[in-house]
Every structure is written in structure tokens, then in C-alpha cells.
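The values are calculated or read from the model by the stated rules, or taken from the named source; none is laboratory data. Note that this is a predicted model, so its numbers are computed, not measured. No Cβ is skipped: glycine too gets one built from the backbone with ideal geometry, and neighbour counts run over all protein chains shown.
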Amino acid sequence: MARRAAEYRAQGRRIIDLTLGEPDFAPPVHAALAAQEAAARPLGYTPANGIPELRRAARHALERDRALSYTDAEVAVGCGAKQVIFNALFATLGPGDEVIIPAPYWASYPDMVRLCGAVPVIVPCSAESGFRLAPDALEAAMTERTRWVVLNAPGNPSGATYSHDTLAGLAEVLRRHPSAMILSDEIYAHIRYGEGEYISIAQVAPDLRERILLVDGVSKAYAMTGWRVGWGFGPSELVRRITAVQSQNCTQTATVSQIAAVAALEGSQEVLAERCETYRRRRDAALAILRQSRHLETVEPDGAFYLFPRLATSDDLAAADTFLEAGCATVPGSAFGAPGHLRLSFATDIATLEEGCRIIVATLDGIPA
Ligand code: PMP
């Protein structure tokens, strides 16, 4: 949809693009300055699992933000959270292995699993359940072939987070299936609108620590998607295998980016709260417009920067086409395993966002925007 939106724009048509999956901010100034200074020095190859300064900074940030401590041998850096996840799956999956993926999901998970020759097992989670995986649904999906269970909170595209109790319920199920690992994708942990601290399954179930890979990075929190820096915390044997894959496919992520990531993690964190506030204002403005339409039902997201309204029709592809023709690009829910929904990104300025939402509502309600 983003590509089609760009094509229409090239033809001179005005298209509001609500497909973006990345922050619209610049990186923190201190990160950019650290990169600038480092770029003038000779920067050679560095360790495949990340420069020691970054592994240390990532560990300290996790201690600070989520009160979890890991050793240096339990963290691996890659070219974004994406590569760390891929490396972990590639290092552990074989033909016929299963990976449980709650839907709606980030579209890359099932494709990565298939690339590794394994089978994605999709567990639909309804809007009524707040798009959260329920412990009994997890239990029903587990088999002796389950190698990984994916948890992503705040979720892309749902924005849903998990309560302590739900995580405890999921942990209870996972204890009964000791051969499954848990991939906790926490890349949006800093973009949340609720009160209180982020809760990771690694905090709720410390006894499962040896089975959890906790993934994070600078892309979303620090608006540094293009810098390609992410990391994973997990048992040292898994980290060793992730590093072996990393080492043979791209050596390491760019050293200059890693140096910028250290500065982002160690510098002032004020920008995080400021940006959350900006996202919250945008979310509320968009919700206020979308909720005017009786053809849409929109759950208020707890985090991330997406709205995921349910349409009155199950044909989200046709609906997204209609909205594009009317001047607003969105992503159909089918791309995330949830037909009948749309993903709207609010990683864009409020005026653009409001205009896009008005186009959608007006199109649905048959009145001019
Ligand atoms: N996980 C989720 C849920 C995401 O939405 C994304 C980015 N779209 C990633 C991981 C990948 O992030 P990175 O840029 O660190 O590879």
C-alpha cells in the first residue's frame, strides 16, 4: 500500500499515508553527534555479538527500565531486532517444528518461520479479548512440536499490552511445555500510554528465564529504524548460537550505528516521555474521529503507534483500496492475520493524521470529507 501510495503521489495525486511502521522523529541529538564523531575515526570489524560498550549499555538500560539483569554472555546485538529474531529462529528451528504466533501479528514472524522450514501456528485473538493471547488458547495450540511461542507487547499492529495476571497465566501453561522457548518482542516497550511500568514475562516468570529470548532495540524508542541496531537477552547457549549465525551472515551491525546506540541508551532519556506524549495526543485525536463512524470499532491501544479498527465488512483489502482511491493509504488487517481490520499508523503529524481519518470516516459514511 505504501508503494501504491507513492505511485499515486508521483502522478500528482494527494495521498495521506497512514501505512508507516516507523517513528517520524529524528534520533536523539547526542546519538547523532556520537555517530558523527566516530565516523571520522578508523572503524573496523567489531565482535559479531556487538561492541562490549553496547552490550553493557543495553544490559544497564534493561536493569534501569525493567529491573532484569543479564550477564555479558547473555546478550547479542544484531542488525535490528529483526535480525536477532531471525537468527534465533534460524539457529533453533528444523523442518516440521512449530512456532505459535498470536494474531494479529507483525507480518515478519510467519514468513521468518517459513524461511526456516518450520510451521507458523496462528492463534487468532479477537478484538473482544483486546487482541491478547489467552492462556487457554495458548494451551490448545501447544503440541510436542512447539519450539517457540511469540509474545509481542505492545503489539504491532494491535498496541495491546499484557497484565501481570495474564502473563502469569501464560507462564503457567508454558511451564507444562518445557521444550518451547518464548520470544518476547519488547521493541515497543517505551511507547506506552498506560500508568505504571512495563511488565515483561521475564519479570513475571523468573523461573522461565532460561527459555526466554527478550528482544529490544533502538528503532522505535529512539526513532532510529535506519540505523539497524537491536539486541536480544537470553540463555548464553542460545546467544552463542545466535552469534554464530550473525557472524556468518553479516559479521556485525555497523559499528558507527552501535556507537550511536550506546549514546542513545546512556544519554538523556527525556525524549522518550516527550514523544510518548506526542503519540498519545495523536492517538486520541485519531480515535475521536474514527469513533464518529458507526462502521468502525476501534480498541484504544495501550502502546505502539497504530490503531487497528474493525470494519463492518470482512473484505479489508477492498476497503483499503477504496480508502486509497479516496486519498488515504492504510494497511489491510489481512497482512497481520486479522481480516476485517485496518492498520492506521499515527507516526505522522496530527493534521495529516486527522485528515486521513476524516477521509476514512467520510468514505464509510458516504458523506464528502
Ligand atoms: N518487532 C516488531 C513487532 C516490529 O514492529 C518491528 C519493526 N517494524 C521489529 C520487531 C523490527 O525492529 P528493528 O528495526 O529493530 O529490526
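Summary table below
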item: Test set (1) modelled with pLDDT under 95; (2) under 16 Å from the mean Cα position of the chain (by Cα) - Glu197 fails condition number; result: (2)
item: For Gly333: the one exception among (1) within 19 Å of Arg9 (Cα to Cα); (2) touching a helix residue (DSSP H, G or I) at 6+ places or on another chain (Cβ under 7 Å); (3) of a type in the set (Gly, Ala, Ser); result: (1)
item: Flag if Ala221 is of a type outside the set (D, E, K, R) and more than 11 Å from the ligand (Cβ to nearest atom); result: no
item: Residues of the stretch 213-243 that turn out to be buried (at least 24 other Cβ atoms within 10 Å of the Cβ) and of a type in the set (D, E, K, R), as a count; result: 2
item: Test: residue in the stretch 12-25 that is surrounded by 15 or more Cβ atoms within 10 Å (Cβ to Cβ) and assigned to a helix (DSSP H, G or I); result: no
item: Subset of the stretch 229-239 that is part of a helix (DSSP H, G or I) and in contact (Cβ under 8 Å) with a residue 40 or more places away in the chain - its residue that is farthest from the ligand (Cβ to nearest atom); result: Ser236
item: Residue satisfying all of: in the stretch 192-212; more than 16 Å from the ligand (Cβ to nearest atom) and in a loop (DSSP other than H, G, I, E, B); surrounded by the fewest Cβ atoms within 10 Å (Cβ to Cβ) among these; result: Glu195
item: Checklist (1) away from the ligand (no atom under 15 Å from the Cβ); (2) of a type in the set (Val, Ile, Thr); (3) in contact with a Ser or Thr (Cβ under 8 Å, 6 or more places away or on another chain) applied to Ile187, failing item; result: (1)
item: The lone exception for Gly303 - which of (1) in contact with a Pro (Cβ under 9 Å, 6 or more places away or on another chain); (2) within 18 Å of Ile15 (Cα to Cα) it fails; result: (2)
item: Residue under evaluation Leu342, criteria (1) among the aliphatic types (A, V, I, L, M); (2) surrounded by fewer than 23 Cβ atoms within 10 Å (Cβ to Cβ); (3) not in a helix (DSSP H, G or I), criterion not met; result: (2)
item: Given (1) in the same structural domain as Lys220 (by TED's automatic domain parsing); (2) outside any helix (DSSP H, G or I); (3) not β-branched (Val, Ile, Thr), index of the condition Ala347 fails; result: (1)
item: Test for Ala260: is it more than 19 Å from Phe90 (Cβ to Cβ), outside the structural domain of Ile16 (by TED's automatic domain parsing) and of a type in the set (A, V, I, L, M, F, W, C); result: yes
item: Test: residue in the stretch 152-163 that is aliphatic (A, V, I, L, M), touching a helix residue (DSSP H, G or I) at 6+ places or on another chain (Cβ under 7 Å), at pLDDT 95 or above and at negative phi; result: no
item: Residue list for the stretch 287-333, filter: without any contact (Cβ under 8 Å) to a residue 60 or more places away in the chain, surrounded by 18 or more Cβ atoms within 10 Å (Cβ to Cβ) and closer than 17 Å to Ala103 by Cα; result: Thr298, Pro309, Leu311, Asp316
item: Failed item in (1) in a loop (DSSP other than H, G, I, E, B); (2) touching a Ser or Thr at 6+ places or on another chain (Cβ under 7 Å); (3) within 16 Å of the ligand (Cβ to nearest atom), with His177 passing the rest; result: (3)
item: Residues of the stretch 136-173 that turn out to be assigned to a loop (DSSP other than H, G, I, E, B), hydrophobic (A, V, I, L, M, F, W, C) and within 16 Å of the ligand (Cβ to nearest atom), as a count; result: 2
